[in-house]
Amino acid sequence: MKHILDTSALFSMQDLPPEPMTTPGVISELRKYHDPRLRYWEDRLIVSEPSAASMERVREAAARTGDDARLSPVDMEVLALAMDQGGVILTDDYSIQNLARALGLEYRPVGLKGIREVIVWRYRCRGCGRTFDKNMPDCPICGSALRSVRSRSVEER
Ligand SMILES: [Zn+2]
């Protein structure tokens with residue numbers, strides 16, 4: 001299952017869901033806020049531009065529902081990418097959720113009431129800070145030792 005992440009989702013998540021996708025606009029927003037997690041996540045995030053056709057459908061729907069005043073171009077990119085990819089949108093933005101519903105797109109909130117989170121163990125490199133799903137004798141990137149860390153993870157429905 002592909003997961004389309006908006007800026008609010010990336011801000012509040014401790015770890016990425018499987019098949020994490022986002023748009024170039026979301027990456028720019030995270031860069032603007034100097035989010036340190038971007039450094040660890042950039043390699044795993046699949047960044048993709050939505051099609052012009054989907055952007056147009058999102059714009060039309062936003063005009064119909066009245067969400068167009070509250071949605072940024074980046075928000076619309078997220079919706080259009082979900083339309084192209086057939087994934088689930090992860091967002092805490094009410095206008096994105098509303099328009100997703102109007103467009104028949106699947107979405108889930110990231111906040112406490114939304115997706116169920118589970119604690120999982122992961123392994124973080126003492127050198128470069130990268131995290132891995134499984135334990136290894138040393139970091140395959142820089143060769144430093146790994147230590148186990150608790151992290152939250154999104155449970156698939
Ligand atoms: Zn390392």
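The values are calculated or read from the model by the stated rules, or taken from the named source; none is laboratory data. Remember, predicted model here, so these are calculated numbers, not experimental data. Reconstructed Cβ throughout: ideal geometry from the backbone, glycine too, with neighbour counts over all protein chains shown. All accessible areas refer to the heavy atoms of the entire protein, side chains included, with ligands and DNA or RNA removed. Shrake-Rupley method; radii C 1.70, N 1.55, O 1.52, S 1.80 Å.
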Out of all the residues in the stretch 98-120, which are at pLDDT 90 or above and within 18 Å of Ser12 (Cβ to Cβ)?
Ala100, Tyr107, Arg108
Residue under evaluation Tyr123, criteria (1) modelled with pLDDT of 90 or more; (2) within 16 Å of the ligand (Cβ to nearest atom), criterion not met:
(1)
So which pairs qualify, if the first residue must be in the stretch 131-148 and within 7 Å of the ligand (Cβ to nearest atom), the second must be open to solvent by 100 Å² or more (accessible area, probe 1.4 Å), the Cβ gap must be under 9 Å, and the two must be at least 6 apart or on different chains?
Cys139/Arg126; Ser144/Arg126
